[in-house]
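Structure record follows, encoded as structure tokens.
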Amino acid sequence: MALALGGVPKFGWPRDFLRAVANPERSGPALASIALDDRWSVLRDGAFVVRDKVIEVQPVAQDRDRERRLWDATAQLLEKAAAAPLSGRRARARSTA
């Protein structure tokens, strides 16, 4: 919890934080720009864009072998989850759907 001067709790911080988070009104035009504008046509192979700038990232963020291993692990987990018997909340959720 943030504290204002004098040690009084400052409760407005969640609201202030949420104002800074992207929302569809702000991110939609940016995403459309990246997809459609010629300015971005040179982007290749996992380029990272923050707002309106291409940024450099750590090499691990563009490691193709690591990406493949992550996708493989994800696929295995999904297969196991699909094969597992339903129990608890999952069973109740499925029966009410």
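Between a first residue in segment 27-47 that is of a type in the set (Gly, Ala, Ser) and a second residue that is assigned to a helix (DSSP H, G or I), which pairs have beta carbons less than 6 Å apart while being 6 or more apart in sequence or on different chains? Note: pairs meeting the criteria are Gly46/Gln62. Which of the residues that make up segment 65-97 are surrounded by fewer than 10 Cβ atoms within 10 Å (Cβ to Cβ), among the basic types (Lys, Arg) and at pLDDT 90 or above? Listed by number, the list holds a single entry, Lys80. Among the residues in segment 48-56, are any more than 19 Å from the chain's Cα centre (by Cα) and at negative phi? Within segment 48-56, none of the residues are more than 19 Å from the chain's Cα centre (by Cα) and at negative phi.
Does Val60 satisfy the criteria of being modelled with pLDDT of 80 or more, in contact with a Lys or Arg (Cβ under 7 Å, 6 or more places away or on another chain) and among the hydrophobic types (A, V, I, L, M, F, W, C)? Yes; evaluated as a whole, the condition is true for this residue.
The values are calculated or read from the model by the stated rules, or taken from the named source; none is laboratory data. In this text, all values refer to a predicted model and were calculated from it rather than measured experimentally. Note that each Cβ is placed from the backbone with ideal geometry, even for glycine, and that neighbours are counted across all protein chains shown.
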